[in-house]
Amino acid sequence: MVQKLSNISEVQVERAKFKPILPEVLKGAAACVNPVKGKPTQSVADQSNVKKFFKSTYGLPIITFKKGSNLSVKKKKPIKVAVVLSGGQAPGGHNVIAGLFDGLKKANKKNTLIGYLGGPSGILENKYKEINEKVLNEYRNTGGFDYIQSGRTKIETHEQFCSTKDNLAICHVDALVVVGGDDSNTNAAMIAEYLKQENIDKCVIGIPKTIDGDLKNQYVEISFGFDTATKIYSELVGNICSDANSSRKYWHFVRLMGRSASHIALEVGFKTQPNIVLIGEEILAKKMTLTKVIENIVEVVVKRSKIGKNFGIILIPEGVIEFIPEMKELISAINDVLAENADTVIQLSSTEDKRDFVCGKLPKKLSDLMAGLPSGIASQLILDRDPHGNVAVSLIETEKLLIEMIRKRLAELKKEEKYKGKFSTITHFFGYEGRCGIPSNFDANYTYALGYNAAILILNGFTGYMSYVRNLVKPPKLWECGGIPLTMMMNIEKRYGKEKPVIQKALIDLNGKPFKEFLKKRDEWAINENYIFPGPIQYFGPANITEMITRTLEYEHSKRR
């Protein structure tokens, strides 16, 4: 990696020495790994509708790898595999490529790996580079996706599928590995289905990547990058906790990544023990109104103020606004109005005109709710769209909305002489700070195993599968490996006003052990300063620090009630 030698850091030099631990089942020659097929599967929801979209790849069995002779792999001719990084970055992406590369070369030195550049657009534009071992070695155990970059292009249209098919053929690619989140892996499933229907013998394998932690099930216990990102965020929040406890004069509102689930906020909460952690899934389940959410926060602010504590820390998942039922209904209605009137809205010149037009199309109760929001938030609901045409909830500065409404309520309580404290605030948003961090030991091992495991799936001719590595609370050598059908994780969602198959997002289970552990502690956190200052990710030192797993995994696998 010549371009990096001039500015390589001391940490990168040391991290290059780290050797990921491979699960025992994957060690040795690929011909010594035997795939065991389970029973046919079905999608997690909407089975009949999902099946309509995947006539050729629906119902595949779960694959479990065991030690054993596999002559079909031993006799396999050299193959060419392509890898693409899709969507947002997550720590460990380079180790996925390294594991995939090593797995292919271990099976046959003549196997080759190419990387499509800039995400899925690289497939459509046929832009790629061959993965070179000497260059790759400089990227092992590093953060970011900069070796081949990433992108958010969606391969959805018939023309795009045709281009994908043609470009894979032009490059003589035998298999495609898609590293991404739920949407990217949905894309992988659609490509696998299209190629199968076209009678083209090429494999498509997905890798579970998202720091949000919402791509998980009993086989995919955690998506890669979550461990590292939450440790980085926890260091930052811990520093803020220390500052708040020192100055004792500010309420810090910290918005964290988590577009569709609150896993990051919960995990960072466990690691730092702030005064308040909002959990979107709980708000939705209890059907809390925006007013109720504000009242709950105000209650803690007032209680702390009465004992002289006009400071604190609150963690807010970036997508929490969409969990508030009335806001969820409003956002859904706005999505529909904009989808149905796209041509009209785009011709309106001012934000006010667009807002008035949308409000005029909404039912009265939603129009009134929209009118009652701060103008900046109302404008964001209309102007900022994600790649699916829906409201870009991650861009909404929810912390500022909450502060404005809390301040208004506290002013009312002051007039009633029920509150005499001060409410000074500081806002933070931690997102990109964690997405490209140098991977933790856990993520370095995990991503390497995911990539190596994907190579074994390809060598056995499987397509439409996601690489899984589980049993993650145990040492890496004891991790279990295999593949699960991508269709097994599907449900039907509305995108651009139309129903489409999408991998179902894994939300926090309110009956699960992690949330129950949180419930035991949050009342005490609210009033007392039980702040924890976890410090930076540790690579060297006592094993109980360097090999620490997430609290979420620990609670999920704990036998303690």
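How far apart, in nm, are the 7 Å Cα→Cβ label points at Phe357 and Lys516?
Between Phe357 and Lys516, the simple spin-label model gives 5.2 nm.
Given a Förster distance of 22 Å, report the FRET efficiency between Glu340 and Ser367 from their Cβ-Cβ distance, rounded to the nearest 0.05. Present the calculation step by step, with values, prior to reporting the outcome.
Numbers: r = 16 Å, r/R0 = 0.74.
The pair Glu340/Ser367 has a calculated efficiency of 0.85.
Please give the charge dipole size of the chain, origin at the Cα centre, charges +1 on K and R Cβ atoms and -1 on D and E Cβ atoms. Round to the nearest 20 debye.
Computed charge dipole of the chain: roughly 1580 debye.
How big, on average over all directions, is the shadow cast by the Cα convex hull of segment 18-114, in nm²?
8.8
Give me Rg over Rh for segment 322-395, both radii from the alpha carbons and Rh done the Kirkwood way, two decimal places.
So for segment 322-395, dividing Rg by the Kirkwood Rh gives 0.91.
If the only charges are +1 at each Lys and Arg Cβ and -1 at each Asp and Glu Cβ, what is the size of the charge dipole of segment 322-395 around the Cα centre, to the nearest 20 debye?
In total the dipole reaches around 100 debye.
If I take R0 = 56 Å and measure r between the Cβ atoms of Asp166 and Phe540 in this structure, what FRET efficiency does the formula 1/(1 + (r/R0)^6) give, to the nearest 0.05?
Numbers: r = 49 Å, r/R0 = 0.87.
With a Förster radius of 56 Å, E is 0.70.
So if I place +1 on the C-beta of Lys and Arg and -1 on the C-beta of Asp and Glu, and nothing else carries charge, what would the dipole magnitude of segment 414-526 be about its Cα centre? I want it in debye, nearest 20. The partial results should precede the final answer.
On the way: 19 positive and 11 negative charges, 98 e Å.
That gives segment 414-526 a dipole magnitude of about 480 debye.
At q = 0.07 Å⁻¹, work out log10 I(q)/I(0) for the chain with the Debye formula, treating every Cα as an identical point scatterer and leaving solvent out; two decimals please.
Debye output, listed in q order: -0.43.
Quick one: which of 287-293, 362-368 comes out on top by average Cβ neighbours within 10 Å, and what's the full order, highest first?
For the peptides 287-293, 362-368, the packing ranking is 287-293, 362-368.
Just order 469-475, 434-440, 223-229, 537-543 by mean Cβ neighbour count inside 10 Å, highest at the front, would you?
223-229, 434-440, 469-475, 537-543
Go through Ala342, Val358, Ala371 and say which Cα lies farthest out towards the positive end of the charge dipole of segment 322-395; charges sit on Cβ, +1 for Lys and Arg, -1 for Asp and Glu.
Ala371
So for segment 204-250, taking the charge dipole from beta-carbon charges (+1 Lys/Arg, -1 Asp/Glu), which of Gly225, Asn245, Leu215 sits furthest toward the positive end?
So the residue we want is Asn245.
How would you rank 523-534, 188-199, highest first, on the average number of other Cβ atoms within 10 Å across their residues? Write out the running numbers ahead of the final one.
Details: 523-534: 15.7, 188-199: 21.0.
By packing density, highest mean first, the sequence is 188-199, 523-534.
So how many Å³ per residue does the convex hull of the Cα atoms of segment 452-524 work out to?
Working: hull volume 11.8 nm³, N = 73.
Dividing the Cα hull volume of segment 452-524 by its residues yields 162 Å³.
At a 10 Å Cβ-Cβ cut-off, how would you order Ser260, Ser48, fewest neighbours first? Kindly include the intermediate steps, with their values, before the conclusion.
On the way: Ser260 21, Ser48 9.
Fewest-to-most Cβ neighbours within 10 Å comes out as Ser48, Ser260.
Coordinate-derived values only; no laboratory data. The shown structure was predicted, so the numbers you read here are calculated from the model rather than taken from an experiment. We place every Cβ from the backbone using ideal geometry, glycine too, and count neighbours over all the protein chains shown.
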